[in-house]
C-alpha cells in the first residue's frame, strides 16, 4: 500500500492517510501498589543484525500495548555495515520520535557481544552507546557502569556459546563482584534457562525475559494462535523510564513466557489473587460451588496438592483467560477444610509452582 | 472430555468441573438514551430441524455476548419426530434454566412454516406455541396475534420459495392489513434481501436480521476470521424482554450483517458518532490532521462525496474496529469548508450509505 | 441459514443447496506397510449426554478427515430420556447414511457406565447395543464379549471417580482375565493418564486416545489455534472397519494428543523417519548443514543427548509441521560421529521420548 | 530469538539452527498449457521508503509460495538516505543470494516516482537501475526502454495524486505512443481502479496487480483471516524470468485481489473450469444433484442469470476454497436445458462477471 514521501510531492503528502493501529494489550493486574508494566529490553533492528527499520519496533510495541522497549544493537556485530552508517546510537535516535508519538517508553541500550566467557550482555539506560565500543570487554562494562546502566547477562544457555552445559564462569563472578551484572535473562525468546532462574534467586539478581526479536515480530510470534512475545513484567511506581530503572535495580520483576509466569512468590501470588474474582459461593447438601471469573489475559493451571481426603475436587484444572468457571467441591455437610493446589504455570523456582490454599466457608 | 451425569454417580457429579465460558461481545455504542441490545430472533434446535440441543444455543449466545435469543422451531416441520416428543414449547422450556443462569434473555417463539404465499413467518413473545399448530395458516396467525406476538416475515427472497423473483403477494397485504405482520427479515444468515429493506422503509415495518442457525454456530460462522452472526440491534429502554418487545413494536432496530449496518438514519448516525472519538486536531500551514479513535467493534468504510475542490482528502478510507487513525486534510491557510463522505457500509436504504459532513475548524 | 424440510415443501427441498464441506486432515505418514488411520472411538450425541444430533459427529469427522468414529452413548445415562426415545442403537442408525455418504467408517459402540470400580468402559464393534443394557455390569461385559466387541477402559484417572489416585482395582484384574479388556484410554480429551500408558505397556493392552466429545467439537477444540482432537492412530492393512478391528486386537495403535504421539517405538520411529526427508547435506571446512523437510502435520521436539563433545549442535530444536530447516552441525574436518537426540514429544513410555542417532556422513 | 553473526564467533555460528520456513501457497490451476505463476512486481525495502531489509521480502515470498518478485525502490525517494548508501541496485543485490537459495525468481526493478502527470511508473527487467536516475522523467523512461524493461503505470487513482478523479493525461498518451507503457496497475494493495481495468482492455495493455508493500507483509495482510497479498497471475511457458517477461509483453496475466480475479475471459474461464471437478451427477424424478469439488484455493460466487423458468436452482451460491458441494437443480422429468449463472467475483470487465452456462444431462 502506498506510503510515499518525496520532496517533489510535499503537498500531496499531507493528505496521505495515516495507518490504522489496533492495540491488543494482554491484561495483567497491578499489584502491591505498583503498576505492572510490560517491557521488552532486548531487540534488534537493521542497525545490528535485525531485519527491520527501528520504527517498526515501535509500531510492534504499540500494537501489543507494551509500555517500554529497548534497542540493544550488537556493538560488535553490524551485519549491514557496508550499507549503513555506524553510530551505535542511531536506532534509538531514529525510533525516538515515533515512540514519543505512540507513548511507548524508549530506553537506550546496547548489547556487549563477546565469546563465552563472558558471552553477551545488555546494558540499558545508557546515555551514549558509542562510548561502549571498546576492544576489551572489561572496558565496555566499566563504561556502562559509569553511565549508570542496568546490565544483564543474555541467554546463558545459548547453544551457540554453551552447546552442552550451562556454566557460570569465573569471569561472571568477577563481573558480579564489580557491580557489572544486575540481572540475567531467564527466558530469551522461546528458550527458558532454568540455571538462570536459580542464579537469580540465589544471587539476588533481577529476572529478565526478552523477545530478542530480529525478524518482524509476526514472523517469530504467532499472534493469531494466542501467542505473545516473552517479556519482563516490571512492578513500577509510575509509568516512566526512571521508575522502571528503579524497579529493575530493586528486582521487582517477573518473566512472562508462553503461558508461564516466573518470579518471586511476593509478585506471583498477588497477580493470581488480583486476576481472579470470586463471584459467588453456593452450598448445597454436600457440595460447594464456587463461581470465579478470571479478569486477566493469563491462564492458570491448577494441580491438586495434599488435602483432607473428605474434600473432593479436581485433580487438574485450567482457568483460561477472561473466562468464568463454576468449580464444584464435594464436602460433607457441617465440615470445612482447605482446598490446596499448586499453580504449575506460575513458577517460583525451577519446577516449583505457586502453592495456594483456600479455606472453605 | 468427560461430562457425565448418572443416577448411580450423583455423588461424584458434584465435583465435576464446570466448563469455561469466554465472552466475546462486539462493542456497539448505546444511542439516543437507549441501550443497544444484540439479539437473534430466529434459530433452531433438534426440536425442529436444527442439529443441537437447545442449551447449546444459550452457550453460543453467552459466548458471543448476545442479550436475547428466541427459538423459532418450525411448527410444521419436526425432522426428528420419530425420536423426539412433540410439544412445540420444549426447546424454550429446556433452555430457560440455562438462559437464566447465564443472563441471556429468552423469548418464546415459533416459526409458521408454509409454502409461498405466504411463506415462513416467526411469531415471538408467545405464551403457548402449541396453540399455533393449526392446519389453516390464517388460524395460526390469528392465534399468534391473540397471544400478542411480534410477527415477522422470514427470508422473502429465499430461493427455495421464490427462485427467480422476490414478490409481495396479496396474502402479504392481507396479513399486513390484519395486523399480523410487524417486521420483515432484511437479512437471513448471509442472505441480504434488498426488497425487504425497501418494504420496511415504505410500509413502516421493523427491520430484522437473524442467523437462522441450524448447525452448531461455529459451523456456520467463522469467528476466527472475525465474522459474527447476523443479528438485530434493538434500541431498548432497558435490558428486559418487555423493553425489547416495546422497541420492536416501535421499530427501533437496525440490522448488523457482515461488516454492514442497515437501518434508519436516526439510529445509524448516532452509532457512528458515538463510536468515533476525535482525539486531537492539529493544524499546520496547509494541512489539518485529525486523530480519531474508533471505540467500537464496527468498521466504517468512507467514500468521498461532492466537496469544495480546494479541500483535498481521501477518496476511500476504512476505519477498522478499535483502531486509531491520523487523517490528513489539505486545506489552504485561512480557508475552511466541509469534508463530505458517505459511509458505504452503513446503509439507510438499498444501495445508499449514510451521508456525513464535517466542517473544518 | 435456511435448511428446512417440510412435507408441504418437498418440491422446493430438492433444490436446496447442499452445504460446503471443507476437509482439513492432518498429514501423518503410513508406516510398515500399514495405512495410518485417524480414528476417534469415544463420543456422545443427544442420545446420551452429548448436545448434538448424531449426524453432526459425521460432519465433524468429515471436516477433520477422520477415517473412523464410534458413538459410545452411555447405556446407563440418557440425559434427555424425557424427550428422546430409548433404543441404544439410534445414534448409530441415524448417523449411518450420512457416514456412508461421506465415506466415514462408522463403528457401533456403547459406553458401559458404572461407578468405580470398574468405572466406565467402551465396547465397540457391537452388533446390538440394547443387549448390553443389564443391571449387573458383569452381564454387560459378557454380552459385549459375546458380540465379539473390542473393549477398553475409559479415563482411569478421571477425578470424578478417582479424585486423588489412579488405582487398578481387583475388578480390573477380573475383567482382564475374563478377556473383557483389550485396551485403555491413555488420553481422554485433554487428560493424559500416565498410569494407563504404563499399564498398556506392561499388560500388553492397546493404547487408545479419544476426544470423548460432548459439545459441538469446535467448542472443545480450538482449530483456529492449530489444535486437533485427541485420536487413536490405527495402523491397519486396509481402510475398512474389519481391518481396524484386527489392528486394535493386535495392538497396532498410537495416541495423537496435542503435539504428542504416545506409542511403541516400532510405530513412532517410522512415523518420524517417514515424515522427514533429508533434502541436502552440505559439508564445509568444519560444518555439516543438513536441509530437511517435514512432510507431515506433526511437530518434532528434539533434545540433545549424550554425544562426542567434538560434535557441536543444537541443545533443543523444534521441527514444525510442513517446514523446511537447515540444521548446522559443527564437526572437525575428517571427523565423523553421531548426532544423538531424544524426540521429547514422541513418547515411548511415560516421560521417555524416542531416542535417535544419526551418523554423520 | 538469537541469530547472531560475529567475526569473533565464526566457530559458534556454524551450529546456529536455521529458521523454519513454512510455505502456504494458494492453489490456482494452470491453464491453456501455461503455468500459472504468482508474482508481485511492486514492493519496497529500507532502500527506498519500506521498513524491512530486502531479504525479508524474499522470506515473505517464500512463505506465501510466490514464484517471482521485484523490488521497485523509488529512484527519487530514499527516505533513509542519511543512514544508507545510495546505489539503486542494492536491494536487488542484497536479496539475490537469498532468492536463489529459496528458489524465488528475482527481477530487477525500479519505481520512477514523479508528480502527476505522469505519476509513478515501475520499470522491471532492468539491468542497471542507477542509469534511470535522471532529472527529466522522459530520460528515465527512455533509459528503461533502452534496457528493454517492461513498464507499467502505478495506481492511477491514488488519491495523493488524483484526489477526486482518475484522469488519463496527454503525457500518458505520449508515453504510450513512445512504447514506454506496457501495463497498468488495476489493483494496488487494497485499491482497485476500475479506470485502469477499462484502459487495459481498450488499449491492449497488460493487467497488473501488486502489493506495493512497505511494512512487514503481516502488518498489511491478515493471513490468519485467510487474506492474501494482491498479486499478478502470469501465464508463462516456463517458471523462468524470461518466460515471465515474454508473458507480460504478450498480456497473459490476471489480477488476484481479495476474493476476486480480474482478467480476460480467455484466462478466467479455464481457471474456473480447471478448479472445479464434477464428481457425480445424480438424477431422481425431478431433481438433478451435481456433486462438485473445488480443487483450488479460490472462491467462486455464482449468481443466477436468465434461464428457462422450469429449471429451478440457486439464486446466489458460493463455492468456497477446497470444498465439496451438492448442488440440487429441480427440473421436470424428460426435460433438459441450461443452468446459467454469472461468477460475480471473476471480472472480465468493470462490473461484469464471467458468464457460464451448463447444459443439463
Hits in region D:165-175 - residues which are within 20 Å of residue D:350 (Cβ to Cβ) and in a helix (DSSP H, G or I): D:172
Selected residue (criterion: farthest from the chain's Cα centre (by Cα)) from residues of region B:115-165 that are surrounded by 23 or more Cβ atoms within 10 Å (Cβ to Cβ) and closer than 30 Å to residue D:306 by Cβ: B:160
Out of B:267, B:313, sole residue that is in contact with a strand residue (DSSP E or B) (Cβ under 6 Å, 6 or more places away or on another chain), surrounded by 17 or more Cβ atoms within 10 Å (Cβ to Cβ) and under 23 Å from residue B:192 (Cα atoms): B:267
Hits in region D:186-200 - residues which are more than 14 Å from chain A (Cβ to nearest Cβ) and either in a strand (DSSP E or B) or surrounded by fewer than 21 Cβ atoms within 10 Å (Cβ to Cβ) (or both): D:186, D:194, D:195, D:198
Residue match in region C:170-182 (condition: within 13 Å of chain B (Cβ to nearest Cβ), touching a strand residue (DSSP E or B) at 6+ places or on another chain (Cβ under 8 Å) and in contact (Cβ under 8 Å) with a residue 40 or more places away in the chain): no
Residue check, residue A:256 in the same structural domain as residue A:29 (by TED's automatic domain parsing) and farther than 10 Å from residue A:346 by Cβ: yes
Single residue of region C:212-238 satisfying the filter (within 16 Å of residue A:320 (Cα to Cα) and surrounded by fewer than 17 Cβ atoms within 10 Å (Cβ to Cβ)) that is nearest to the other protein chains (Cβ to nearest Cβ): C:225
Within region C:122-147, considering residues that are assigned to a strand (DSSP E or B) and out of contact with any helix residue (DSSP H, G or I) (no Cβ under 7 Å at 6 or more places or on another chain), the one nearest to residue C:245 (Cα to Cα): C:124
Any hit, region C:159-169, residues being touching a strand residue (DSSP E or B) at 6+ places or on another chain (Cβ under 6 Å) and free of Cβ contacts under 8 Å to residues at least 40 places away in the same chain: yes
Residue list for region D:172-181, restricted to those being surrounded by fewer than 20 Cβ atoms within 10 Å (Cβ to Cβ) and touching a helix residue (DSSP H, G or I) at 6+ places or on another chain (Cβ under 9 Å): D:174, D:176, D:178, D:179
Positions within region B:201-246 being within 23 Å of residue B:49 (Cα to Cα), assigned to a loop (DSSP other than H, G, I, E, B) and in contact (Cβ under 8 Å) with a residue 24 or more places away in the chain, in sequence order: B:211, B:212, B:214, B:215, B:216, B:228, B:229, B:230
Wholly within region B:247-361, strands (runs of 3 or more DSSP E) carrying at least 1 residues that are within 28 Å of residue B:124 (Cα to Cα) and away from every other protein chain (no Cβ under 14 Å): B:253-257, B:260-263, B:338-349
Selection within region C:148-162 - touching a helix residue (DSSP H, G or I) at 6+ places or on another chain (Cβ under 8 Å) and within 14 Å of another protein chain (Cβ to nearest Cβ): C:153, C:156, C:157, C:160, C:161
Residue within region C:331-341 that is touching a strand residue (DSSP E or B) at 6+ places or on another chain (Cβ under 9 Å), closer than 23 Å to residue A:194 by Cβ and surrounded by 14 or more Cβ atoms within 10 Å (Cβ to Cβ) present: yes
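The values are calculated or read from the model by the stated rules, or taken from the named source; none is laboratory data. Just so it is clear, the structure is predicted and the values come from calculations on it, not from any experiment. All Cβ positions, glycine included, derive from the backbone under ideal geometry; neighbour counts span all protein chains shown.
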